[in-house]
Every structure is written in structure tokens, then in C-alpha cells.
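The structure appears right after this line, and notes come after that.
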Amino acid sequence: VPIDVVPGRKRRIGIMGGTFDPIHHGHLVAASEVLSVFNLDEVVFVPTGRQPYKRDRKVTLAEHRYLMAVIATASNPRFSVSRVDIERGGTTYTIDTLRDLRKAYPDADFFFITGADVLPQILEWKDSDDLWSMAHFVGVTRAGHQLDTTGLPPEGITLMEVPAMAISSTDCRARVASGVQPWYLVPDGVVQYIAKYRLYKEV
Ligand code: ATP
Ligand code: MG
């Protein structure tokens, strides 16, 4: 009997929030690695809501970011995309994401997947004390990268090395802006979606 159909076993759900502007193979490889190491049943990608600006840059319409995430994950039966942050609107806070997903998965164990470099910022997130009780945090990092975990509760966090850590959305956008298609950095369907809607023509 496969582990995920053992009666009474709690479902294990990975949650990967992000701007996904655009989603790339770094996100997908990280999700896939965490899924297998933590024996997850599913990883839910959650594109942030309307974020008019991020570090002074215009963020692409949520609907485009959502559809690229759907295209990128469509072939994997264990990947899905949630609209909770898009539909809530306003600034996305992780605590709200976790509360909304809890309604959809009342009995599951949550594993929040994030770049390890973002982990220290979690302490500054809204209601950060409550976060630790709502999910286990998995910080993905690149090989050999040292991380300062001062102030973070050691039992609430696991750090994991993943390949493809060097890929970033910023770099993908910069390539497109300079006229180069981001083949192999993002899934083929996402390369084609970017071209079709002429996204990232300017950085
Ligand atoms: P940007 O360059 O615009 O900041 P990004 O590539 O960091 O984009 P985000 O949507 O901001 O992508 O990231 C969503 C989540 O995925 C964050 O937790 C981030 O740390 C993580 N992440 C980003 N790139 C990678 C990667 N190459 N490998 C693993 N995780 C990643
Ligand atoms: Mg980032």
C-alpha cells in the first residue's frame, strides 16, 4: 500500500509562496526535492496577490503570474496552484496564506518552503510567533552557503540544499528585456507564454 493511502495518515502539504514573476526551474526543483525528502503528498504554489511594486519595480499582473504557474506545474500530479493570495487581495502576509489554506486542508501537516535567505525576515513577518505553530519551515539553500539562524526556533526549521538555486526571476526578466528567450531556465510553456503576451519587454 503506498504511504499516502494508509488510513489515518495525515496528509503532508508543501506550500510555496512567491511572486513567481516568472516561475522558474529553481522553484520547481526546490518544490520537487522537498516533496521527495519530506514525503509530501502535494506541493501548492501560491502566487502573491496584487503587489503593485516590489523593490521599486512593477510586478506583472497576478493573472499572468498565476497562469504561468499553472502551465509550469500542469504535468505534475503532485503540484497545484492556489488562488488564495490573489483572491484575498492587498499585501500578502504568510500568516493569511496559511490560515486560508488551513480551511482547504483542515487536517494536513503544512511544510512552508522558502529560500533560506528569506528565513531571517520571517521574524519580522506579521504575527511571526503564530507562524511556527502553523507550519514546519523548510529553508532551501545552495551547497556550501552558510546561514545565520540566530533567533529562529531550531525545531521549527529544516535547512536543505537544492540544485538550481542560482536561477532567479530577476535574471529571467533581464534576459527577456535584452531580447533573449529564457529557454531551460523556465519551462518551455512559460517561455512561450512570455513571448505570446510580450511580458518583460522592459526590466
Ligand atoms: P526575484 O528575482 O524577482 O526576487 P525569485 O527568483 O527570488 O524572484 P520569488 O517568486 O521571489 O522568485 O521566490 C519565491 C520563493 O522561491 C522564495 O521563497 C525564494 O526564496 C524561493 N526561490 C527563488 N529562487 C529559487 C531557486 N533558484 N531555488 C530555490 N528556491 C528559490
Ligand atoms: Mg526573490
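FYI, it's all coordinate maths here, none of it is from the lab. For clarity, every value in this text was computed on a predicted model and none was experimentally measured.
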### Query
What are the residues whose amide H is under 5 Å from the amide H of H136, where those residues sit 5 or more places off or on another chain and H is modelled from the backbone?
F110, F111, F112
### Calculated diffusion of region 10-166, Stokes-Einstein form, Kirkwood radius summed over Cα pairs, 20 °C and 1.002 mPa s, µm²/s
135 µm²/s
#### Entry: Length-normalised contact order of region 8-94 in % [C-alpha pairs under 8 Å, at least 6 apart]
34 percent
### Task
Tally the DSSP beta bridges in the chain and give the antiparallel ones as a percent, rounded to 5.
5 percent
### the chain, relative contact order in percent, only Cα pairs under 8 angstrom and at least six apart counted
24 percent
